[in-house]
Amino acid sequence: MKRFGLISVPYLWLLALFLVPFLIVLKISLSDTALAIPPYTPTLDLSAGWAGVREWLSGLDMENFTWLTEDDLYWKAYLSSLKIAVLSTIFTLLVGFPIAYGMSRAPDEWRPTLMMLIILPFWTSFLIRVYAWKAILSQEGFLNQLLMGIGIINEPLTILNTNTAVYIGIVYTYLPFMVLPIYAALERLDESLLEAAEDLGCSRLTAFWLITLPLSKQGVIAGSFLVFIPAMGEFVIPSLLGGSKTLMIGKVLYEEFFANRDWPVASAVAVILLLILIIPIVLFQRNEEKQREAGK
Amino acid sequence: MRRLSWFNTVSLTLGFAFLYIPMLILIVYSFNGGKLVTVWSGFSTKWYGELFRNEAFLDAAWVTLKVAVVSSTIATVLGTMAAYVMVRAGRFRGRTLFSGMIYAPLVMPEVITGLSLLLLFIAIGLDRGVLTIVLAHTTFSMCYVSVVVSSRLVTFDQSLEEAALDLGCTGFEAFRLVTLPIIAPAVISGWLLAFTLSLDDLVIASFTSGPSSTTLPIKIFSAVRLGVSPEINALSTIMITLVAVGVIGASLSSKRTIAKRAKDEQEAIQ
């Protein structure tokens with residue numbers, strides 16, 4: 001009985017505030033836009049009994065989804081978000097792996113400090129860390145001042161308000177999410193394996209390729225999901241660092257909802273985004289469960 | 001003692017420079033006297049003064065703090081319960097769904113979570129305000145708490161609990177007297193994580209807040225959307241300093257606890 005209470009409280013909370021909201025999004029994505037409050041029809045009228053439910057069901061259609069396929073803004077935004085998310089996951093991995101590797105090779109007494117230095121930005125406001133790049137990347141910003149000062153360029157580079165700035169922003173803000181799981185995997189690695197490989201005639205590079213890399217796989221997978229999935233729906237970074245040409249679906253959804261007040265279309269955008277992300281989310285959950293089981 | 005190879009030294013130096021230089025620039029330029037944010041024109045603390053005279057910012061900071069304290073506390077209770085269920089409850093009907101609902105919010109794009117919660121609040125006729133932000137923040141941060149706490153619970157020796165039960169404790173007493181003291185560090189870091197996530201959240205708060213409940217990130221976002229503002233640099237510096245003091249303090253105290261435990265164990269053996 002107590003076990004039932006322990007399970008049901010968090011369970012019901014998540015059902016009510018995580019799962020049910022998605023069903024509502026799904027429902028509204030099938031409704032029609034209307035100039036009313038709330039701005040969609042039909043609304044479910046339970047007081048009318050079965051007739052109300054029937055009327056509501058007959059009013060649902062796939063119109064918003066057809067609209068999404070007809071206007072090329074939407075599918076371009078999905079594709080461009082996908083491209084930005086995939087490329088920035090790769091960049092974050094390329095930047096993050098050497099840091100995690102360096103940390104795992106560092107002397108034992110340095111490690112707590114290095115760990116703290118990685119965690120510190122993670123606790124610092126995301127918004128502020130994105131904002132910090134505005135002053136660096138702008139036309140008269142610090143990066144251009146530096147590059148012109150040492151004479152590498154004569155004209156200031158335009159970086160802010162382009163996709164390049166978005167990539168920099170994503171790599172910068174999501175870096176701890178990549179470094180921490182990889183470091184956790186590398187730290188568990190038994191060093192005698194590497195010594196054995198070297199004794200058996202492997203070069204250090206071959207040993208890295210054959211032992212370190214495969215054994216850090218779980219960390220790389222976890223880190224990549226932690227970067228890729230949220231980056232796909234990112235809103236803050238493209239709106240602060242990206243330009244008018246930066247198309248990302250998170251921004252489109254936000255504007256559809258707040259600027260155009262088109263709730264059914266915003267909901268349809270969210271439903272499709274969720275369908276795209278459901279496979280990576282399930283894979284991420286499996287990977288985490290597997291790691292937790294392994295930790296036992 | 002191991003030494004770092006030149007490759008590792010270079011990658012660590014460059015990596016940490018990349019992480020910290022942007023924040024250092026922000027901090028240094030918050031003491032810049034001029035209105036232009038990228039040109040140094042003498043040391044001054046005038047933007048801090050401006051910030052503390054700005055009523056709108058102070059109000060927003062107060063709302064944010066209230067929301068963060070309440071939501072992180074509820075999230076810690078719910079998240080600890082959820083962690084217990086995940087690690088200890090074994091199999092039960094709907095376990096996969098439960099674990100899915102714990103892990104999915106960790107990676108769910110905020111725009112989706114925010115939109116869906118807003119539509120829920122409207123469907124049940126709940127006015128948007130502090131309450132709705134608290135509900136929203138509790139929901140996503142309880143999942144973070146549960147991940148942090150469950151990672152401590154899996155390494156925990158269950159026979160201690162069983163011993164307490166054998167010695168006549170009720171289930172709750174065993175939890176309060178044995179389990180809780182041991183998982184306390186994880187519960188505290190879960191609370192802190194939930195607290196900072198709530199302080200930091202922009203997207204979900206913009207969906208679920210009402211006109212009378214603007215939070216600090218919403219205020220900051222509307223101020224920096226168009227450009228760089230020296231007042232926000234000052235505010236950022238204050239926030240970065242608070243976090244740095246907190247994180248460094250926490251890591252020093254955990255170091256001391258570990259050292260003390262090692263010493264105690266050493267003495268116990270002798």
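The values are calculated or read from the model by the stated rules, or taken from the named source; none is laboratory data. Source: prediction; values computed, not measured. Please note: Cβ atoms are built from the backbone with ideal geometry, for glycine as well, and neighbour counts cover all protein chains shown. Protein only, heavy atoms only, side chains kept; ligands, DNA and RNA dropped before computing areas. Shrake-Rupley method; radii C 1.70, N 1.55, O 1.52, S 1.80 Å.
Work out, step by step, the length gained on full extension between B:Ile21 and B:Ser5: first 0.36 nm times the residue separation, then minus their alpha carbon distance; give nm to one decimal. Please list the in-between numbers first.
Numbers: separation 16, 0.36 × 16 = 5.76 nm, distance 2.37 nm.
That pair, B:Ile21 and B:Ser5, stretches by 3.4 nm at full extension.
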(message) Among B:21-33, B:202-214, how do they line up by average Cβ neighbours within 10 Å per residue, starting with the highest?
(response) B:202-214, B:21-33
(message) Keeping all protein chains in the complex and leaving out DNA, RNA and ligands, what accessible area do you get for B:Arg261 with a 1.4 Å probe, in Å² to the nearest 10?
(response) 140 Å²
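How many partner chain Cβ atoms sit within 10 Å of a residue's Cβ in peptide A:17-30, on average, as a whole number? Mind showing how you got there, number by number?
Working: counts 13, 14, 5, 6, 13, 8, 3, 10, 7, 1, 2, 5, 0, 0.
Mean shielding count: 6.
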(request) Calculate I(q)/I(0) for chain B by the Debye formula, one identical point scatterer on each C-alpha and no solvent, and give its log10 at q = 0.08, 0.15 Å⁻¹ to two decimals. (result) -0.48, -1.23
(message) Heavy atoms of the protein only, probe of 1.4 Å, neighbouring chains included. What is the accessible area of A:Cys202 in Å², nearest 10?
(response) 40 Å²
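Per DSSP H run of n ≥ 4, the term is -39500 (n - 2.57); total these for chain A, divide by its residue number, and report the mean residue ellipticity at 222 nm rounded to 500 deg cm²/dmol. Before the final figure, lay out each step's value.
On the way: 15 runs with 211 residues, N = 296.
One gets -23000 deg cm²/dmol as the mean residue ellipticity at 222 nm.
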(request) At 7 Å along the Cα-to-beta-carbon direction for both B:Glu50 and A:Ile119, put a label point, then send me their distance in nm to one decimal. (result) 3.6 nm
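In region A:65-295, carbon and sulfur make up what percent of the accessible area (probe 1.4 Å)?
Numbers: 6530 of 10020 Å².
Carbon plus sulfur share of accessible area: 65 percent.
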(request) Please give the average number of partner chain Cβ atoms lying within 10 Å of the Cβ of each residue in A:132-143, rounded to a whole number. (result) 5
(request) Roll a 1.4 Å probe over the protein heavy atoms and report the accessible area of B:Val148 in Å², nearest 10. (result) 40 Å²
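Compute the Rg to Rh ratio over region A:103-208 from the alpha carbon atoms, using the Kirkwood formula for Rh, and round to two decimal places.
Working: Rg = 19.7 Å, Rh = 17.2 Å.
Ratio value, two decimals: 1.15.
So what is the orientation-averaged projected area of region A:65-295, using the convex hull of its C-alpha atoms, in nm²?
Values: hull surface 66.7 nm².
About 16.7 nm², averaged over all directions.
Per-residue mean of other chain beta-carbon atoms within 10 angstrom of the beta-carbon, peptide A:281-287?
Details: counts 7, 4, 0, 4, 9, 2, 1.
Mean inter-chain Cβ contacts per residue within 10 Å come to 4.
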(request) Work the Kirkwood hydrodynamic radius out for the protein assembly as shown: mean of 1/r over every pair of different alpha-carbon atoms, inverted, in Å. (result) 25.7 Å
(request) Work out from phi, with θ = phi - 60° and the Karplus expression 6.51 cos²θ - 1.76 cosθ + 1.60, the ³J(HN,Hα) of each residue of region A:183-197, listed in order in whole Hz, and give x for Gly and Pro. (result) 4, 4, 5, 5, 5, 6, 5, 7, 5, 5, 4, 5, 4, 4, 4
(message) For the pairs A:Lys217/B:Lys255; A:Lys83/B:Lys219; A:Lys83/A:Lys245, flag any whose C-alpha to C-alpha distance is greater than 22 Å.
(response) A:Lys217/B:Lys255; A:Lys83/B:Lys219
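What pairs in A:Lys290/B:Lys66; A:Lys27/A:Lys76; A:Lys251/B:Lys46 have C-alpha atoms more than 27 Å from each other?
Numbers: A:Lys290/B:Lys66 37 Å; A:Lys27/A:Lys76 25 Å; A:Lys251/B:Lys46 35 Å.
Exceeds cut-off: A:Lys290/B:Lys66; A:Lys251/B:Lys46.
Just round it to a whole percent: the fraction of Cα-Cα distances in region A:143-202 exceeding 18 Å. Walk me through the numbers on the way to the answer.
Numbers: 1151 of 1770 pairs.
That tail contains 65 percent of the Cα-Cα pairs.
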(message) Would any residue of region B:166-204 have its amide N under 16 Å from a label point 7 Å out along Cα→Cβ of B:Lys260? List them or say none.
(response) B:181-186
